[in-house]
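A short worksheet on the structure shown next.
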Amino acid sequence: MIIEPIHENHFIDVLMSDPYAKWSYEECQALFAYYDDLSEDIGKDITLDRVEIRSLWDSVKDLKELRERYSDIESLDDLREKTTVYQTPNSILYITF
């Protein structure tokens, strides 16, 4: 298999061009940071798969919207106990559960 390194701008372009996702630029940056760090932590390359990312991650604009989706979540700490969470200045990204 031939693996080509993906730079942040390309990663963001791929996610932003997904017609079935509504990522913000900041969310794409956070997702790149997550996968870049994960790749280093596990010592393995990760294949960019926008369908998998779209299926795995979700975002809300604030805690109020999160509470509307999940009645058992009262705080970001509650969410962090259940899943991986990344915050951007304008949203909360999390792996769905």
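Computed values, structure above
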read-out: Contact order relative to length of the chain, as percent, for alpha carbon pairs under 8 angstrom and 6 or more apart; value: 25
read-out: Debye equation applied to the C-alpha atoms of the chain, log10 I(q)/I(0) at 0.25 Å⁻¹; value: -1.41
read-out: Calculated FRET value between HIS10 and PHE97, using beta carbons and R₀ = 30 Å, to 0.05; value: 0.55
read-out: Sparse-neighbour loop sites [GluC sites (Glu not before Pro); region 16-97; at most 16 other C-beta within 10 Å; DSSP]; value: GLU74
read-out: Gained length - ALA33 relative to SER17, 0.36 nm times residue gap less alpha-carbon distance; value: 3.9 nm
read-out: Lysines with Cα under 17 Å of LYS61, excluding same-chain neighbours fewer than 8 positions away; value: LYS22
read-out: Which of ILE73, HIS10, TYR34, positive extreme of dipole for the chain (C-beta unit charges); value: ILE73
read-out: The chain - charge dipole about Cα centre, Lys and Arg +1 at Cβ, Asp and Glu -1, debye rounded to 20; value: 320
read-out: Loop-resident sites, region 1-87, for chymotrypsin sites (Phe, Trp or Tyr not before Pro), counting at most 12 other Cβ within 10 Å (DSSP); value: TYR20
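Values quoted throughout were computed directly from the atomic coordinates according to the rules given, and no laboratory measurement underlies them. Everything numeric here is computed off the predicted structure, so don't read it as measured data. Backbone-built Cβ (ideal geometry, glycine too); neighbour counts: all protein chains shown.
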